[in-house]
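A.B. asks: Sharing a structure below in structure tokens format, with a few things to ask.
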Amino acid sequence: MSETKKTNIILFSGDYDKAMAAYIIANGAAAYDHEVTIFHTFWGLNALRKDENITVKKNFVEKMFGKMMPRGANKMGISKMNFAGFGPKMIKDVMKKHNAVPLPDLIEMAQEQEINLVACTMTMDLLGLQKEELLDEIEYAGVAAYLADAENGNVNLFI
Amino acid sequence: MSETKKTNIILFSGDYDKAMAAYIIANGAAAYDHEVTIFHTFWGLNALRKDENITVKKNFVEKMFGKMMPRGANKMGISKMNFAGFGPKMIKDVMKKHNAVPLPDLIEMAQEQEINLVACTMTMDLLGLQKEELLDEIEYAGVAAYLADAENGNVNLFI
Amino acid sequence: MSETKKTNIILFSGDYDKAMAAYIIANGAAAYDHEVTIFHTFWGLNALRKDENITVKKNFVEKMFGKMMPRGANKMGISKMNFAGFGPKMIKDVMKKHNAVPLPDLIEMAQEQEINLVACTMTMDLLGLQKEELLDEIEYAGVAAYLADAENGNVNLFI
């Protein structure tokens, strides 16, 4: 078959290390000419947040969510050994030492490789996140669009 | 191809938000005429527990597990920002405000859409859960049945 | 079709219960004549560590990681109800009572069934784990090898 292979990743997790795994697989698949989509839902949306504070109109609970959730990839915690915030720093130090690519750069690389970065509109509504707060040049869709991609996918993962 | 597409989800997690994601994808896939199965294993089994206390004969450790694990979908905690139980309430409040469907209703909807809800018999045995404690009209199976479904699945996810 | 079915599992998690689920599915798939690969990345690598202390040359941060991470499958914690280390013991007790197979035996069984156990070389480098510290007769590969397997896989899971 000469058809294009497809990789579809749901990024549900808001953990730095899990998001890294998602973006490493995605960038690898794109390098192998897969058509790649990362569908960011629930806490995974935080990877797409801009790191500056964007002023948008929100109600009280939405403001709280906005403050409590990490603002962008670089502020996310890790799933294991978080050690009151010490863990992510250690991971990042060790990554720098080994010339590993940090998450924000992996996301930029994904955009350069034309990976479809999708924000789940249902979650945005639920957590009160608005388009202005998310990275530019991403797409917005719901579970129906995910399923339309995934049902023909070669590699489907929930991370 | 005019074959029926298949979605097979393993729900391993006992988190309210992850179970929501599983049931939202499952209900979406069923709406798109997929044949859908959710295989509930380990902590995911808690989503299928009845919320009342069912008296069945158990040994000491089984009783402890029974008490410590959440009794039904509505009592499950969330994976992030649990904040000593404050998180799930906030999520549920925000869901109510946005007319999002809460987990117990998503499960009911799944049953109406004839999604196969399967309880992993190995886990039931391990945790001492008995059929009387779980929702009616679900199925009971092991890993062999899961694999028979999944090997022909279009969308296979582990949540 | 008479082609061999393929199951490819990424084991990212370092939790005892999630690793158990991965190995139960993998052993089941191998019993059904699937060609099975478990790709161990990030914390999932700990399942492949030997349980004795192996002396290898490491820098300070690598030594810290080495000490903080569980040394082998038997020392891994569980994802829920860890209760300061009490949870894993309870799970193991209950498993023994029900003649369930503990994780180290599941791994041995996987090796006997010729399941490909792969250690992610990028993670090894990152965490400073060396071949001497990991089980014998495993393979070493990166994300490219994973994708080459997974793009033709029937059951692809991220655990």
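The values are calculated or read from the model by the stated rules, or taken from the named source; none is laboratory data. Bear in mind the structure is a predicted one, so any value in this text is a computation, not a measurement. Heads up, the Cβs are rebuilt from the backbone with ideal geometry, glycines too, and the neighbour counts pull from every protein chain shown.
A.B. asks: Taking segment C:90-109 only, how many residues are within 14 Å of chain B (Cβ to nearest Cβ) and at pLDDT 85 or above?
C.D. replies: 5
A.B. asks: Only residues that are within 8 Å of chain A (Cβ to nearest Cβ) and in a helix (DSSP H, G or I): list them for segment B:4-19, please.
C.D. replies: B:ASP17, B:LYS18
A.B. asks: Residue check, A:PHE42 against (1) aromatic (Phe, Trp, Tyr); (2) without any contact (Cβ under 8 Å) to a residue 40 or more places away in the chain; (3) under 30 Å from B:PRO102 (Cβ atoms), all met but one. Which one?
C.D. replies: The single condition A:PHE42 does not satisfy is (2).
A.B. asks: Same structure again: For B:GLY128, which of the numbered conditions (1) at pLDDT below 95; (2) away from chain C (no Cβ under 14 Å) fails to hold?
C.D. replies: (2)
A.B. asks: Moving on to the next point. Where residues in segment A:123-141 are of a type in the set (A, V, I, L, M, F, W, C) and touching a residue at least 24 places away in the same chain (Cβ under 8 Å), which of them is surrounded by the most Cβ atoms within 10 Å (Cβ to Cβ)?
C.D. replies: Here the answer is A:LEU129.
A.B. asks: Using the structure shown, decide if A:ALA26 is within 19 Å of A:MET124 (Cβ to Cβ), within 16 Å of the chain's Cα centre (by Cα) and surrounded by 15 or more Cβ atoms within 10 Å (Cβ to Cβ).
C.D. replies: Criteria not met by A:ALA26.
A.B. asks: Could we say that A:GLU52 is among the acidic types (Asp, Glu) and in contact (Cβ under 8 Å) with a residue 60 or more places away in the chain here?
C.D. replies: No.
A.B. asks: Residues A:MET122, A:MET64: which one is at the interface with another protein chain (Cβ under 9 Å from one of its Cβ atoms) and farther than 30 Å from B:LYS5 by Cβ?
C.D. replies: Going through A:MET122, A:MET64 in turn, just one is at the interface with another protein chain (Cβ under 9 Å from one of its Cβ atoms) and farther than 30 Å from B:LYS5 by Cβ: A:MET64.
A.B. asks: Restricting the search to segment B:1-23, which residues are over 11 Å from the mean Cα position of the chain (by Cα) and aliphatic (A, V, I, L, M)?
C.D. replies: Correct list: B:MET1 only.
A.B. asks: Now for a different question. (1) under 15 Å from the mean Cα position of the chain (by Cα); (2) surrounded by 14 or more Cβ atoms within 10 Å (Cβ to Cβ); (3) modelled with pLDDT of 85 or more: which one isn't true of C:MET69, the others all being true?
C.D. replies: (3)
A.B. asks: Being within 20 Å of B:GLY142 (Cβ to Cβ) and at pLDDT below 95 is the requirement here; does C:ASP51 meet it?
C.D. replies: no
A.B. asks: I would also like to ask the following. Out of the residues in segment C:37-48 that are of a type in the set (A, V, I, L, M) and farther than 23 Å from B:HIS40 by Cβ, state the one that is nearest to the other protein chains (Cβ to nearest Cβ).
C.D. replies: Across segment C:37-48, the extreme among qualifying residues is C:LEU45.
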